[in-house]
Amino acid sequence: MKALGSEPWWFWKHHWAKRSTWGKRRLTILIILMMGVFNAIPYTSINHLSNFLQRTAFDPEIAFDTNLAFIPWMFIPYITLYFYYPAAAFLGNKDDNMWRQNIIFHQMMTISCWFVFAVFLLFPVEIDLRGPIQDQLQDGDFWHPFYAFMHSIDTPWNSWPSLHVVQSTQVVLILRYWYPSDTPKVKMAQGILLFAWAMLILSTMFTKQHYLWDVVTGLLYAYLMWKFWMKPVLERVATDEYAAHFDAEMES
């Protein structure tokens, strides 16, 4: 039985043969567009639907969440998530084998996102933590317009598991898989990546965008998806047998 997401989707056929066009970035651009259409649009739609319905399945808030300080400048690492999305699409370009993994990885990343969307719809949780922001930030404060804009487009729903955590973790895992720390230069790059990722994870709570529950479930979900689904599939994609199958599919 073939693993979910392990077969290339139909629309890659037209682009695989032309992958060297657009400055050898045709697949990169298509991956980013796919993530925008299949991930970002449903996320926003569900977020605003939940805000309209105002239905809460349970309340995961604990004292840790309410007592944790609001740190305005943590908005910066919080929005770095949007650098993670193109990162794997740009860096998975070493050879055709890595391009195949790049395509399959982003398919699986998208499918894993759809599973989270199902949780958002079936077990919605309101993130009722924005009081400290309203208390500390007033009109004229440097950070006020940034948070005002974020809150206007991202209502306090789509709580758990945190997609900020899930998707950034998935990107970190694939980059570490593709580029193991076997040279001083790569070790330094990996260290910077892990520090940036840790700051992003912390920022989800310090900006009062997520509960600790959201972060813990996001990390657990990302780890289990990687260990038992993504990595085994990617290792199969790296085989000569799969490469021949993939290329045959692209030519059919």
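The values are calculated or read from the model by the stated rules, or taken from the named source; none is laboratory data. Because the structure is a prediction, the values reported are computed rather than measured. For neighbour counting, all protein chains shown are included, and Cβ atoms are generated from backbone atoms with ideal geometry for every residue, glycine included.
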Take region 131-186 and flag every residue that is closer than 17 Å to LEU220 by Cβ and outside any helix (DSSP H, G or I).
-> SER159, TRP160, PRO161, SER162
Please find, within region 6-46, the residue that is farthest from MET250 (Cα to Cα) out of those that are free of Cβ contacts under 8 Å to residues at least 60 places away in the same chain and of a type in the set (Phe, Trp, Tyr).
-> TRP22
MET98 being touching a Gly at 6+ places or on another chain (Cβ under 8 Å), surrounded by 14 or more Cβ atoms within 10 Å (Cβ to Cβ) and in contact (Cβ under 8 Å) with a residue 24 or more places away in the chain | yes
Conditions (1) aromatic (Phe, Trp, Tyr); (2) more than 13 Å from the chain's Cα centre (by Cα); (3) more than 21 Å from TRP157 (Cβ to Cβ); number of the one not met by PHE58 = (3)
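To keep it simple, each residue is scored yes or no on (1) touching a residue at least 24 places away in the same chain (Cβ under 8 Å); (2) not aliphatic (A, V, I, L, M).
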{"residue": "GLN134", "(1), (2)": "no, yes"}
{"residue": "HIS151", "(1), (2)": "no, yes"}
{"residue": "TYR179", "(1), (2)": "yes, yes"}
{"residue": "THR183", "(1), (2)": "no, yes"}
{"residue": "GLN190", "(1), (2)": "no, yes"}
{"residue": "LEU194", "(1), (2)": "no, no"}
{"residue": "TRP197", "(1), (2)": "yes, yes"}
{"residue": "HIS210", "(1), (2)": "yes, yes"}
{"residue": "TRP213", "(1), (2)": "yes, yes"}
Of all residues in region 19-38, count the ones that are assigned to a loop (DSSP other than H, G, I, E, B) and surrounded by 11 or more Cβ atoms within 10 Å (Cβ to Cβ).
-> 2
Scanning region 39-57 residue by residue, those on the phi > 0 side of the Ramachandran plot and not in a loop (DSSP other than H, G, I, E, B) turn out to be none
Check on SER181, over 25 Å from GLY5 (Cα atoms) and modelled with pLDDT under 95 = yes
Taking the options ILE41, ILE79, name whichever one is surrounded by 13 or more Cβ atoms within 10 Å (Cβ to Cβ) and of a type outside the set (Lys, Arg).
-> ILE79
Lone qualifier among PRO77, PRO86 - being without any contact (Cβ under 8 Å) to a residue 60 or more places away in the chain, part of a helix (DSSP H, G or I) and touching a Ser or Thr at 6+ places or on another chain (Cβ under 8 Å) = PRO86
